[in-house]
Structure formats: C-alpha cells, structure tokens
Amino acid sequence: ALFAAAAVHFQGDAAVCTVAGGGPHGAAVVCLDWRGYYTMWVTLVSLVLMARDAPPDLVLSGATLSLLLLRVITDAEALRGFASPSIATVGVLFVLAKALEQTGAVDALVVPALGAPRSHTAAVLRVCVPTALLSAFLNNTPIVAMLIPACEVLARRHNLSARVLLMPLSFASML
C-alpha cells in the first residue's frame, strides 16, 4: 500500500483527509462528500447541454436551482453573483439593447448614422469609431449585442460581407 493510514477531519464544510506516509508531514487532500460529486455532475451535464446548443441562461438557471433545492448551496450563495453592481449594470444594458432592437430603434437610429459606405474599409471605420467611443463609457458586451443586428442590416443593404464588420466591431468595443 502506498499510504499507511488516513485521518479525516473537517475544516468548515470540507472534509480534509490527512494521509500518513505521503511525506515527512503527511499529505493533505480534500475528500469530497456527496455535494462535491453532485456539483461536478451538474457542471458536466450543464457543459454537455450548452455544447449541444441548449440556451445557457436556462441551463445555468436550472443548475443553480438544482444545487439550491438539494441544499448544496444556500440562498445567499445562489444570489451572490447578482449582488454585484457591475453584473446588474450589464443586465440592464442587455435589456436596453434588446428593447432597442425589438422596437426598431437600432434600425431607425444606428443604421442611418452609419451611412452608406462604398467599401468594406469605409464600413469598418463607420462601425468601429462609434463603437470605440461608446465602449469608453459603457460595457462592451451590450454594445456589441446591440450593434450586431445593425451591422448585419448594413452589410445586407450595401452588399457587403457581414464577417468583415463583425470581428472589427468586437475589437473596437475593447479599445
């Protein structure tokens, strides 16, 4: 046998196994209880579902609810991520971006503001400059989410490739 003896004690919620024979002071490893194994299973199932194009918001909400109902995590732990002001801000900006898209405001305001470019270079500049300016003051993810449909409309109306606009849009939002 590689290890002669093991002793288990608890530190907080984790069971810590001290194994004698693993070195001069023994080796400490974390032993998982059912909650640890269940969490790994939920994580694996969630990853598989999202890899198969299941909606991430539903998958992750279901995973959190599952962990909450089985008391693997507490109510406070389940809601802790939403307590961050930056997460709440990004969430509000996503709602605003979707509302602007659904009402047609993006098409009515953004597409005319981008004008009628005659080349891909002109189109990239017309998309990147306002994106970089907006991202200086707002989170880049909702900006990109709001401008993707506008870029697709712009490309379709002016017979341009949307691929040439979307990657620069993403990079411009990070400036």
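Observations, loosely collected:
- Considered as a group, the residues in region 76-86 that are open to solvent by less than 90 Å² (accessible area, probe 1.4 Å) and assigned to a helix (DSSP H, G or I) include one that is nearest to residue 46 (Cα to Cα), and that residue is 78.
- Residue tally, condition within 13 Å of residue 160 (Cα to Cα), modelled with pLDDT of 85 or more and open to solvent by 50 Å² or more (accessible area, probe 1.4 Å), over region 106-125: 1
- Any hit, region 39-59, residues being without any contact (Cβ under 8 Å) to a residue 24 or more places away in the chain, surrounded by 12 or more Cβ atoms within 10 Å (Cβ to Cβ), within 30 Å of residue 134 (Cβ to Cβ) and out of contact with any Pro (no Cβ under 6 Å at 6 or more places or on another chain): no
- Residue in region 116-135 that is in contact with a Cys (Cβ under 7 Å, 6 or more places away or on another chain) and touching a residue at least 24 places away in the same chain (Cβ under 8 Å) present: yes
- Residue-level check: of (1) touching a residue at least 24 places away in the same chain (Cβ under 8 Å); (2) within 24 Å of residue 146 (Cα to Cα); (3) open to solvent by 50 Å² or more (accessible area, probe 1.4 Å), residue 102 misses just (1).
- Any chance residue 136 is touching a His at 6+ places or on another chain (Cβ under 7 Å), more than 20 Å from residue 101 (Cβ to Cβ) and small (Gly, Ala, Ser): no
- Among residues of region 136-158 that are free of Cβ contacts under 8 Å to residues at least 12 places away in the same chain, none has a beta-carbon under 7 Å from a residue that is open to solvent by less than 30 Å² (accessible area, probe 1.4 Å) and of a type in the set (Phe, Trp, Tyr) at least six positions away or on a different chain.
- Pairs, first acidic (Asp, Glu) in region 62-79, second assigned to a helix (DSSP H, G or I) and surrounded by fewer than 17 Cβ atoms within 10 Å (Cβ to Cβ), C-beta under 8 Å, six or more apart: 75/68
The values are calculated or read from the model by the stated rules, or taken from the named source; none is laboratory data. What you see is a predicted model; the values in this text were computed from it and never measured. No Cβ is skipped: glycine too gets one built from the backbone with ideal geometry, and neighbour counts run over all protein chains shown. Side chains included, ligands, DNA and RNA excluded: accessible areas come from the protein's heavy atoms. Shrake-Rupley method; radii C 1.70, N 1.55, O 1.52, S 1.80 Å.
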